[in-house]
Amino acid sequence: MRPPRRARVDDLHTVKGAVLGLGAILLSVGCNRGESHATKGGALTHGGAAASSSATAPLPAANRPGMAYVPPGTLLVGTAVDRTPRVAEEELPGTKVDLDGFYIDVLPFPDEPGAIATTNVSRDDAVAMCTSKGKRLCTELEWERACKGPANTTYEDGDVFHPATCGLGASADLSAKRPTGELAACTSGFGMRESHGGAWEWTAEAWGRGGRKDLGVLKGGNAVAGEIAGRCANSLARPPTSKSPSMGFRCCAGPANAAKVELAVKLSPPLERSMKTAELTAPWLPFANATWHAKDPSAAGSATFEFVHAFTWHPVGNETLIVASGCARDTPRAHCGLLVGRALDGDDGDAAVTSVRVLTHVDTGYEAAEVAEAGEAKHLRFKGLDATSAYLRDFTYAYGRIDLAEVRR
């Protein structure tokens with residue numbers, strides 16, 4: 001299996017989900033628990049109840065100078081399937097996990113306002129430096145909780161992307177050279193500062209996606225695609241021996257939380273014509289009728305919108321979308337369109353689908369559009385026909401969103 005496609009730093013994500021057909025998604029708990037917990041309905045469950053990583057006495061909240069205290073609470077790991085942007089093949093779908101309290105450095109190591117973050121360190125180097133301070137390297141989920149704050153927000157400062165808050169959208173190599181402590185607004189609800197906008201930060205775990213245990217996990221950092229890289233759920237995979245001017249760390253203290261990410265990555269054929277998929281389009285009919293039916297007010301009669309072509313689309317691992325086209329057969333001409341969306345209930349049609357999130361819809365003219373691959377799994381093309389001529393139009397999957405290209409004749 002090839003390494004995760006996002007194992008780049010400065011040009012990260014430049015082209016960079018209930019997920020249908022998703023393989024086993026687990027949050028594993030370490031040896032002291034002796035078990036693992038599977039997701040069900042988006043929640044971490046064990047015996048029908050929310051599971052905790054461990055049950056220790058709360059830590060005092062103010063006995064670690066230079067550190068922020070993160071109290072016990074629930075982290076929504078990753079990104080919910082109905083939120084964008086999202087990296088389906090790398091992120092859990094907003095899975096709930098309870099974490100015990102811990103401390104985390106307010107700023108990147110050496111945790112001193114005005115200092116340049118320590119970089120060019122491997123994961124083992126980071127572990128040793130934290131140990132020398134009587135601390136430890138943070139776990140991946142501790143880091144994510146400290147960043148998301150008590151409200152489990154997408155970014156440190158909320159759910160809306162504001163690039164200036166953490167200086168996002170620049171090369172991590174360059175931004176890692178800036179003195180820490182200058183971006184006061186880049187602060188999470190727990191008091192963690194500048195978790196983004198500077199160097200990427202090592203965490204203690206192996207990558208855990210698709211069975212890859214040979215890679216380490218870095219969080220935070222910066223990249224040109226700031227909206228993607230700046231999310232608290234975002235991660236970067238690197239060999240743990242790697243060193244770079246854009247790789248640093250910060251330390252944690254208190255008993256380490258044992259929960260960690262293990263994500264099965266399911267890869268499927270990119271585009272499949274499927275009658276089964278056609279059945280899933282039923283919840284879309286009211287939307288389709290409202291969008292394309294009887295666009296001509298003078299049309300006689302009332303023809304119901306009908307889907308003619310339906311496909312299952314797997315643009316990336318762990319992502320299943322429906323692509324369907326059809327027409328309202330009004331007179332004197334049909335009004336046709338194409339929908340791309342995600343079924344929010346059921347599992348590849350084996351269970352009832354009660355709702356669909358439409359990601360995009362586009363008028364295709366007078367014919368139900370055929371769809372074909374256009375070079376790679378994330379890139380599709382359809383043929384339309386309007387009053388001018390036949391035409392081609394491409395559309396691309398980008399982190400849960402659909403980008404439409406211009407019409408080509």
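A short reminder: the numbers here are calculations on the coordinates, not readings from a lab. Please read these numbers as outputs of a predicted model, since none were measured by experiment. Counting neighbours? That spans all protein chains shown, and the Cβs are built from the backbone with ideal geometry, glycine included.
Based on C-alpha pairs under 8 angstrom that are at least 6 apart in sequence, region 66-122 has a relative contact order of 39 percent.
Within region 122-213, the proportion of Cα pairs with more than 21 Å between them is 40 percent. Stokes-Einstein diffusion coefficient for region 221-276 at 37 °C in a medium of 0.692 mPa s, Rh from the Kirkwood formula over Cα pairs: what value in µm²/s? Using the Kirkwood radius from Cα pairs, D works out to 205 µm²/s.
Calculated on C-alpha atoms, the gyration radius of region 183-274 divided by its Kirkwood radius gives an Rg/Rh of 1.04. Compared with the alpha-carbon gap, the fully stretched path from Arg273 to Ala128 is longer by 46.8 nm at 0.36 nm per residue. Judged by the ratio a/c of the largest to the smallest principal axis of the C-alpha gyration tensor, region 85-160 counts as prolate, that ratio being 1.5 or greater while a/b is larger than b/c. Take 204-214, 134-144 and order them by the average number of nearby Cβ atoms within 10 Å per residue, most first; the result is 134-144, 204-214.
Kindly state, to the nearest 0.05, the FRET efficiency for Glu406 paired with Ala184, given R0 = 51 Å and r defined as their beta-carbon distance. That pair, Glu406 with Ala184, gives E of 0.75.
In this calculation the C-beta distance from Glu370 to Lys213 is compared with R0 = 30 Å, giving a FRET efficiency of 0.10.
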